[in-house]
1. If I go through the stretch 113-130 residue by residue, how many of them are over 20 Å from the mean Cα position of the chain (by Cα) and closer than 13 Å to Ser145 by Cα?
2. For the stretch 258-297, how many residues meet the condition of being among the acidic types (Asp, Glu) and touching a His at 6+ places or on another chain (Cβ under 9 Å)?
3. From the list Arg238, Arg223, which one is touching a helix residue (DSSP H, G or I) at 6+ places or on another chain (Cβ under 9 Å), more than 27 Å from Val65 (Cβ to Cβ), assigned to a helix (DSSP H, G or I) and open to solvent by 30 Å² or more (accessible area, probe 1.4 Å)?
4. Across the stretch 295-328, what is the number of residues that are in contact with a Leu (Cβ under 9 Å, 6 or more places away or on another chain) and either part of a loop (DSSP other than H, G, I, E, B) or farther than 19 Å from Ile52 by Cα (or both)?
5. For residues that are open to solvent by less than 60 Å² (accessible area, probe 1.4 Å), over 16 Å from the mean Cα position of the chain (by Cα) and not hydroxyl-bearing (Ser, Thr, Tyr), scanning just the stretch 281-297, find the one that is nearest to Glu364 (Cα to Cα).
6. Looking at the stretch 329-341 only, could you name the residues that are in contact (Cβ under 8 Å) with a residue 60 or more places away in the chain and either out of contact with any Lys or Arg (no Cβ under 8 Å at 6 or more places or on another chain) or open to solvent by less than 30 Å² (accessible area, probe 1.4 Å) (or both)?
7. For the stretch 23-41, state whether one or more residues are touching a helix residue (DSSP H, G or I) at 6+ places or on another chain (Cβ under 7 Å), under 26 Å from Gln302 (Cα atoms), at pLDDT below 95 and charged (D, E, K, R).
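The values are calculated or read from the model by the stated rules, or taken from the named source; none is laboratory data. These numbers were taken from a predicted model, which means no experiment stands behind them. So basically every Cβ, Gly included, is an ideal-geometry build from the backbone, and we count neighbours across all protein chains shown. Remember, those area values only see protein heavy atoms, side chains included, never the ligands or the DNA or RNA. Shrake-Rupley method; radii C 1.70, N 1.55, O 1.52, S 1.80 Å.
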Amino acid sequence: MTRRHCVLAGAALLAAGCQVVPKADVGTASAPVPAPEPSATALPTDTGRHRIALLVPLAGDTAAVGQAIANATTMALLDTGADNLRITTYDTSAGVATAARTAIADGNKLILGPLTADGVPAVQAAARPAGVPVIAFANDPAVASPDVFVIGHLPEQSIRRAVQAARARGATRFAALVPEGDYGTRALSALDNALRDYGGALAAQQSYARGNTSIVSAAGRLRTAGGYDTVLIADSARLSIDAAGALQRGARTRARILGTELWSGDAALARAPAMEGALFAAVSDQRYGRFAESYAARFGAQPYRAATLGYDAVLLTLRVARDWKVGAPFPKNELYDKGGFLGVDGAFRFARNGVVERALEVREVKGGEVVAVDPAPTGFGK
């Protein structure tokens, strides 16, 4: 894989794939004007396409996720028949800062990426002086700013929606099992905030080092302490199943288990008796099935769930590109549309602080299935 891989959409490529999103949903830019070459670069001069940089790892531990996102951006161009964007992929595995500086020198007007929050400061340092906004795939709202938009799936929003659903079902006393580290800290804070807004009390909490033995021990300590009717387990489905088994073992009254967006798509939940009645909130999978089928047909493998972030980022860019003249700065104020946008993962919009707000559905583990019991809103209105 070379450092930069240009993704070009054309009629011949479009004929090769099935359509996931109707063309009528996106549109293309109006009469383009010539754009001056911003720097000496190997990229050809564009007079009819916007230059967009995609910053993802193409080597190392997260290379497969980065490649899946890159593939999904290609799909978005093909599915929409877009001919007004040039998306160039810059490999961040050799250094996020270097990739970002190169992307800016090449004249890109928008950056999609990086993959994780720790890479955002380096990208922002290169992009901000050039007036280039960033749509980061990170899931940490702390890195958002007036020129960095966070589009990843946030545990805070998932937990808030799950607590709201549990309170509607009569939950009053909550406990929490959270891993040590940033994710656990954020999960506990989100639970506190949700209980403050929706009511309910935090009766107990236990933290643990990541690993099944540690989480089971923490669950045992929580079971011994008692005093709760609902327990948030802020971890993967596999570890949550282990913890739920320890919580429910020998209990006179079963606790309701709450999870996070990390549970989405894991079929093991439905096979675990200890998870019966468990609730969690995530983006709807209503459109994801078609996306995954199309992805597998094109690339010969199932996508990582995060690949939809790349697809939806392109749809978002195309929406804004309707009134964006080639060569002009990206009109970032268009990203604050209160009505939001629609993608594979459903409706979403950005708050003024740059943090994404997503329409989430509530799912329940019920009778050997995971079913949606409270659908995601279809939009936000104005």
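1. Filtering the stretch 113-130 down to residues over 20 Å from the mean Cα position of the chain (by Cα) leaves 122, 125-130.
If we keep only those that are closer than 13 Å to Ser145 by Cα too, we end up with 125, 127-128.
Residues that pass the stated criteria total 3.
2. 1
3. Arg223
4. 2
5. Gly289
6. Within the stretch 329-341, Phe330, Lys332, Leu335 meet the criteria.
7. Yes, the stretch 23-41 contains a residue that is touching a helix residue (DSSP H, G or I) at 6+ places or on another chain (Cβ under 7 Å), under 26 Å from Gln302 (Cα atoms), at pLDDT below 95 and charged (D, E, K, R).
Matching residues to (1) at negative phi; (2) modelled with pLDDT under 95:
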{"residue": "Gly300", "(1), (2)": "no, no"}
{"residue": "Pro303", "(1), (2)": "yes, no"}
{"residue": "Ala307", "(1), (2)": "yes, no"}
{"residue": "Thr317", "(1), (2)": "yes, no"}
{"residue": "Ala321", "(1), (2)": "yes, yes"}
{"residue": "Lys325", "(1), (2)": "yes, yes"}
{"residue": "Phe330", "(1), (2)": "yes, no"}
{"residue": "Leu335", "(1), (2)": "yes, no"}
{"residue": "Lys338", "(1), (2)": "yes, yes"}
